[in-house]
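K.L.:
What follows is a single structure, and I will ask about it in a moment.
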Amino acid sequence: MKKVLVLLLFSSACVFAQKKNFDDKDLKAGRPPQNFTQLLPTVQWADGNKLSVVQRQGGESKSYVLDLTTGNMTEGKASISSKIPQPKKSAFVKNGDVFLKDGSEERQLTNDKAEEKNPMFSPDSSFIAYTKENNLYTFNLKTNKEVQLTTDGTKTTLNGYATWVYWEEIFGRPTRFRAFWWSPDSKKLAYMRFDESKIQMFPLYNSEGQHGFIEETRYPKSGDPNPEVKIGFVSPEGGKTTWADFNEKEEQYFGWPEWLADGSGLMVQWINRGNDNLKLYNVSPANGSKKELYAETQKSWIDIDDADNRLTLLDGGKEMIILSDKSGWKQLYLYGIDGKFKNNITEGKFTIKSVEGIDQKNRVIYFHARGKENSARFDFYKVGFDGKGLKRLTFGDYNHRLIQLSPDYKYFITTYSSITTPTSMAVVDNEGKIIKELGSIKGNDMDNYNMAKTELLRVKSDDGLFDLPMVITYPQNMVAGKKYPVLISIYGGPDAGTVFDQWTWTPRSQWYAQEGLIQVSLDHRASGHFGKEGVAYMHRNLGYWEMKDYTTLVKSLIDKGIADPTKICITGFSYGGYMSCYALTYGSDVFTHGMAGGSVTDWQLYDSAYTERFMDTPAENPEGYKNSSVMTHVDKYKGMLQIVHGTMDDNVHMQNSIQLINKLEDSKKDFEFMLYPGGRHGWGGNKGLHFDNLKTKFIYRYLLEKPVPEGLLK
C-alpha cells in the first residue's frame with residue numbers, strides 16, 4: 001500500500017513537472033504562446049431559427065449555419081434575420097459637410113465653411129437634421145434645400161448641441177453632443193437650447209507653435225452657475241419654436257428624453273440640482289404644457305445620467321416600465337402611461353443592469369442583472385409583467401457578461417467566463433436549455449502551461465456589514481514565509497467596481513507573477529456589489545469609505561504574512577488617480593507607493609453635475625469637501641507618488657495635479673511628475689507607450705528593486 005501511494009505521488013509530480021514555462025520573449029512582447037488562445041466565432045441571427053457562425057483559425061475563416069431547433073451545424077452561409085434593421089441609406093459628415101450615401105452612391109448635400117455635426121435621418125427619411133455653428137438645421141431631401149430652424153446660436157448659446165457638462169455627465173460620450181430628437185411621425189424636432197453665458201471660461205493652454213494658444217472651455221466647477229436649459233419643439237420645415245413649460249432659471253437638469261410612439265408627447269426626466277428629487281413629465285409638442293407622471297425622492301441621490309435606462313415605453317402606448325434603485329437595489333416597476341402604479345415586476349437584493357428585450361405579446365421581460373446568485377457575476381433572466389415566473393436562463397458558476405438576445409426572443413447568445421474558466425460562448429433557448437457551445441478562447445496548448453494562480457476572495461469589512469471582494473494573482477512559485485510586493489489596480493468611483501468572477505489572464509499579469517508581484521483588484525462597499533444600499537455610503541463623503549475598505553483588504557494580505565508592508569503600491573487613472581493620491585496621503589499608514597494619472601485632487605476643482613450628485617455643493621457640505629481633498633492630508637504623505645497628467649485634459653484639468661504638486665513642494669515632499677503635452681483625459685500613440693514604460697520603470701525601481709529586463713519596454 002505504501003509503495004502504491006509513493007508511486008502515485010511520484011506520478012502526480014511528474015505530470016505537474018511536465019507543465020511548460022512561458023517563453024520570456026512572448027510575455028515581454030505582450031503576446032500569448034502559439035496555440036495558447038484562439039478567437040471566438042462571430043455570430044449573427046439569421047432567418048428561420050438559424051444562426052450564422054463564422055469560425056476563425058490560423059488566419060482562415062469558415063462559415064457555418066447552426067440550426068437552432070436541432071443544434072446541428074453545417075458548413076454554409078445564412079441570410080441575416082429580416083427582423084434586424086438593415087439601413088439602405090446613411091448620412092455622414094466628410095470634410096465638414098453632410099453627405100448622403102444610398103447604396104454605393106454618395107451625394108454631397110451641404111457645401112459651406114461651417115462644419116455640420118450629428119446628421120440624423122427623420123423616421124420617414126424625408127429630412128436630415130444636424131447642427132452647425134450652434135444652430136439647428138434640416139435638409140429637405142424632397143426639395144434639396146437646407147432649412148435653418150434656429151438663428152440665435154453663438155459661442156455661449158447652443159441649439160441642439162449639448163454643453164460639455166451635459167455630454168460628459170448626463171447624456172454620455174456616445175451621443176457626440178447631440179441634443180435633438182425626431183418625433184416618430186417626422187413632424188417635429190425636439191431640441192434643447194443651452195445658455196452657457198454665466199459659466200466661467202476655463203483656459204486650456206496649448207504650447208504648440210511659437211506663441212501657443214488658449215482653448216476656451218465652459219466648465220462649471222462644483223458650486224458654479226450651470227447652463228440654463230430650455231426644451232423646444234419645431235417643425236422640420238421651419239417656423240416658430242414652441243417652448244416646454246419649464247423655467248430655465250431654475251437649478252435643474254434634464255435627462256435624455258423619449259418620444260411617445262404616436263408623437264403626441266415627449267417624456268422628459270427632470271431633477272433638481274440637489275439630485276434627490278426626480279420627476280417624469282409628459283410634455284406636449286403642441287403647446288409645451290407638461291403633466292407629471294412619476295416622482296421619486298431619495299435621501300442620497302438619483303442618477304439623472306441613467307435616464308435612458310430608467311424609462312422603457314411599451315409599444316402599446318398604454319404602459320411603461322421604470323427602473324429604480326429607490327428600494328436600495330435597482331428593480332423594475334410597471335406603470336400605466338398615465339403614471340398609475342400597477343405592480344413590482346422584480347423585488348430583491350440584486351441589481352438589474354439593463355432590460356435586453358420585451359416580448360409584449362406574451363408579456364415577458366428579459367433582463368441582465370448582477371448579484372442574485374453572486375455579486376461578482378452577471379446573469380440573464382426572464383420574468384412576467386406581473387412579477388411572476390422569474391427564472392434564471394444562464395447556467396453554471398460563471399459571469400455571463402455579454403448577452404445577445406434574438407429578435408424573436410426565442411434564443412440568446414451568452415459570452416461567459418470565470419476566474420478559472422477562459423471566455424467562452426454558447427447559444428441558449430429562452431427556457432435555459434443550452435443549444436450548443438460555440439467556442440472558447442482556450443487554445444489546445446493552454447493547459448500545458450504553468451499559469452499563475454488567480455482567485456476571488458472576500459474579506460469582512462471592519463464594521464462587519466459587508467463581504468468585500470478582491471481578485472488576487474499570486475506570484476509564481478511562492479515561497480512560504482516570504483513577503484511579496486503588492487500592486488493594486490483600482491478605479492474606485494461610486495458604482496464603478498472592477499472585481500468580477502471573470503477570466504483575467506494576460507501576458508503582462510503572467511510576467512509580473514513570475515517576477516514576484518502580488519497583483520490585486522479591490523472593490524469597496526460602494527462599488528456596486530451591494531446595490532444602492534452600499535453605494536449610498538459615499539453621499540457627501542467621497543474618499544472615506546473607499547479608503548477604509550481598501551485598507552481592510554490590504555491589511556488582510558499583510559496579516560496573512562504574504563504581503564510586504566513596505567511595498568504596497570496602488571495605481572489608477574481619473575477617479576482611480578484620485579484614490580491613488582488619497583491613499584498616499586490620507587491612507588499613507590498602509591499605502592507606500594502610488595501611480596496616479598489624470599487625478600482629481602480636490603472635488604471643488606471638478607465639474608458640478610458629477611461632483612454635486614454625490615457631495616452636494618461646497619457651500620452645503622464644506623466639511624465633506626475639506627475631508628475628501630487630497631491637499632488636506634498632504635502632511636501625512638510619506639511614500640513615493642508618481643503624478644501624471646495631460647496638459648490639455650478638458651475633463652480633469654491639469655490644475656488638479658499642479659495644485660497638489662504645489663502643496664507637496666511647499667511641504668518639501670518628494671514625488672515624481674510627468675506631463676504629456678497635448679494629452680486629453682488619456683492619450684495614445686508613442687506617448688501612450690511612454691506612459692506604459694513610465695509605470696513599468698516605477699514598478700521595477702520601487703517594488704522589485706532591480707533593472708527593467710531588456711525587451712520589456714515598448
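K.L.:
Compute the length gained on full extension between residue 21 and residue 315: take 0.36 nm times their separation in residues and subtract their Cα-Cα distance, giving the result in nm to one decimal.
P.N.:
Result for the pair: 100.1 nm of gain on full extension.
K.L.:
In addition: Just to check, using Stokes-Einstein with a Kirkwood Rh over alpha carbon pairs, what's the diffusion coefficient of region 573-645 at 37 °C and 0.692 mPa s in µm²/s?
P.N.:
Numbers: Rh = 12.4 Å.
This corresponds to a translational diffusion coefficient of 265 µm²/s.
K.L.:
For region 422-475 and region 307-362, write down the distance between their C-alpha centroids in whole Å.
P.N.:
That distance is 30 Å.
K.L.:
Turning to a different aspect of this structure: Between residue 144 and residue 455, how many nm apart are label points set 7 Å from Cα along the C-beta direction?
P.N.:
Placing both labels 7 Å along Cα→Cβ, they lie 7.3 nm apart.
K.L.:
Now, a different point. Taking Cα centroids, how far is region 154-201 from region 660-681 in Å?
P.N.:
Each part reduced to its Cα centre gives a spacing of 35 Å.
K.L.:
Please report, in Å, the Rg and the Dmax of region 293-425, where both are computed over Cα atoms only.
P.N.:
Final numbers for Rg and Dmax: 15.3, 49 Å.
K.L.:
Considering every pair of different Cα atoms, what Kirkwood radius, in Å, is found for region 612-653?
P.N.:
12.8
K.L.:
Which whole-Hz ³J(HN,Hα) couplings does region 560-570 yield from phi under the Karplus relation 6.51 cos²θ - 1.76 cosθ + 1.60, θ = phi - 60°, glycine and proline marked x?
P.N.:
6, x, 9, 9, 7, x, 8, 9, 10, 10, 10
K.L.:
Still on this structure, I have one more. With the full set of protein chains in place, find how many percent of the accessible area of region 315-364 is carbon and sulfur; take the probe as 1.4 Å. Walk me through the numbers before you get to the answer.
P.N.:
Values: 1080 of 2380 Å².
Carbon plus sulfur share of accessible area: 46 percent.
K.L.:
Taking H placed 1.01 Å from N in the peptide plane, check which residues at least 5 places from residue 676 or on another chain put their amide H under 5 Å from its amide H.
P.N.:
HN-HN under 5 Å from residue 676: 645, 646, 647.
K.L.:
Taking only DSSP H segments of four or more residues, each worth -39500 (n - 2.57), what value at 222 nm results for the chain once the sum is divided by all its residues, to the nearest 500 deg cm²/dmol?
P.N.:
Working: 11 runs with 107 residues, N = 714.
The helix contribution divided over the chain gives -4500 deg cm²/dmol.
K.L.:
How large is the Kirkwood hydrodynamic radius of region 394-453, in angstrom, based on all distinct alpha carbon pairs?
P.N.:
Kirkwood radius, region 394-453: 12.6 Å.
K.L.:
Over region 368-427, with a single point scatterer placed on each C-alpha, what log10 of the ratio I(q)/I(0) does the Debye formula yield at q = 0.20 1/Å?
P.N.:
Calculated log10 I(q)/I(0) at the listed q: -0.76.
K.L.:
Still on this structure, I have one more. Give the cross-link partners of residue 668 among the aspartates and glutamates, using a straight C-alpha distance below 12 Å as the criterion and excluding same-chain residues fewer than 8 apart.
P.N.:
Here the aspartates and glutamates satisfying the reach criterion relative to residue 668 are 635.
K.L.:
Given N residues in region 262-347, what is its alpha carbon radius of gyration divided by 2.2 N^0.38 Å?
P.N.:
Normalised Cα radius of gyration, region 262-347: 1.08.
K.L.:
Further, regarding this structure: Give me the extension gain from residue 262 to residue 402: residue separation times 0.36 nm, minus the current Cα-Cα distance, reported in nm with one decimal.
P.N.:
So the extension gain works out to 47.1 nm.
K.L.:
Same structure again: Across every pair of different alpha-carbon atoms, what Kirkwood hydrodynamic radius in Å does region 277-323 reach?
P.N.:
12.2
K.L.:
Mind checking which of 444, 76, 138 is farthest towards the positive end of the chain's charge dipole, using Cβ charges of +1 (Lys, Arg) and -1 (Asp, Glu) about the Cα centre?
P.N.:
444
K.L.:
Just the accessible area per residue of region 123-166, please: how many Å² with a 1.4 Å probe?
P.N.:
40
K.L.:
How high is the FRET efficiency from residue 240 to residue 508, r the C-beta distance, R0 56 Å, rounded to 0.05? The partial results should precede the final answer.
P.N.:
Numbers: r = 60 Å, r/R0 = 1.07.
According to the calculation, E is roughly 0.40.
K.L.:
Cα centroid distance between region 42-93 and region 480-551, in Å?
P.N.:
Spelled out, the Cα-based centre of one part sits 39 Å from the other.
K.L.:
Within region 158-183, find all residues whose amide N lies under 18 Å from a label point positioned 7 Å from the Cα of residue 496 along Cα-to-beta-carbon.
P.N.:
What the label zone holds, given the 18 Å backbone N cut-off, is 164-175.
K.L.:
Around residue 150, which amide H atoms from residues at least 5 apart in sequence, or from another chain, sit under 5 Å from its own amide H, with H modelled in the peptide plane?
P.N.:
136
K.L.:
Apply 1/(1 + (r/R0)^6) to the Cβ-Cβ distance of residue 70 and residue 213, taking R0 = 51 Å, and write down the FRET efficiency to the nearest 0.05.
P.N.:
0.20
K.L.:
Moving to a separate point now. Ranking request for peptides 142-150, 598-606: highest mean number of other beta-carbon atoms within 10 Å first, then the rest in descending order.
P.N.:
598-606, 142-150
K.L.:
Report the extension gain between residue 623 and residue 392 in nm, rounded to one decimal, defined as 0.36 nm multiplied by the number of residues separating them, less their alpha carbon distance.
P.N.:
78.6 nm
K.L.:
Can you tell me what percent of all Cα-Cα pairs in the chain are more than 39 Å apart?
P.N.:
Value for the chain: 44 percent of Cα pairs lie more than 39 Å apart.
K.L.:
Also, I was wondering about something else. What is the packing order of peptides 486-494, 659-667, 344-352, taking the mean over residues of other C-beta atoms within 10 Å and listing the highest first?
P.N.:
On the way: 486-494: 23.7, 659-667: 16.0, 344-352: 18.6.
Listed from highest to lowest mean packing, they are 486-494, 344-352, 659-667.
K.L.:
If you don't mind, another one. Compute the accessible area per residue over region 423-490, keeping the other protein chains in place, probe 1.4 Å, unit Å².
P.N.:
Per-residue value: 46 Å².
K.L.:
Among residues other than residue 418 whose Cβ falls under 13 Å from its Cβ, what is the net charge (Lys/Arg +1, Asp/Glu -1)?
P.N.:
Around residue 418, the surrounding residues sum to -2.
K.L.:
Leaving ligands, DNA and RNA out of it, report the carbon-plus-sulfur percent of the accessible area of region 185-242 at a 1.4 Å probe.
P.N.:
About 46 percent, which is the carbon plus sulfur part of the accessible surface.
K.L.:
Please go through region 281-315 and write out the trypsin sites (Lys or Arg not before Pro) that DSSP classes as loop and that have at most 15 other C-beta atoms within 10 Å. Each step should come with its number before you reach the end.
P.N.:
Working: sites: 290, 291, 299, 310; in loops: 299.
Within region 281-315, the qualifying trypsin sites (Lys or Arg not before Pro) (loop, at most 15 other Cβ atoms within 10 Å) are 299.
K.L.:
For a 32 Å ceiling on Cα separation, which of these pairs sit above it: 188/361; 279/663; 132/626; 349/663?
P.N.:
279/663; 132/626; 349/663
K.L.:
Further question: May I ask for the net charge around residue 405, where only other residues with Cβ less than 13 Å from the Cβ of residue 405 are counted and Lys, Arg are +1 while Asp, Glu are -1?
P.N.:
Here the charged neighbours net out to -1.
K.L.:
Quick check for you: with a 1.4 Å probe and neighbouring chains kept, what is the accessible area per residue of region 315-391, in Å²?
P.N.:
Roughly 42 Å² per residue, with all protein chains present.
K.L.:
Follow-up. What size of dipole, in debye to the nearest 20, comes out for region 288-378 about its Cα centre when the only charges are +1 on Lys and Arg C-beta atoms and -1 on Asp and Glu C-beta atoms?
P.N.:
Details: 16 positive and 14 negative charges, 52 e Å.
Dipole size: approximately 240 debye.
The values are calculated or read from the model by the stated rules, or taken from the named source; none is laboratory data. These numbers come from a predicted model, not from an experiment. Neighbour counts run over all protein chains shown; Cβ positions are idealised from the backbone, glycine included. What goes into the accessible areas is simple: the full protein's heavy atoms, side chains included, and nothing from ligands, DNA or RNA. Shrake-Rupley method; radii C 1.70, N 1.55, O 1.52, S 1.80 Å.
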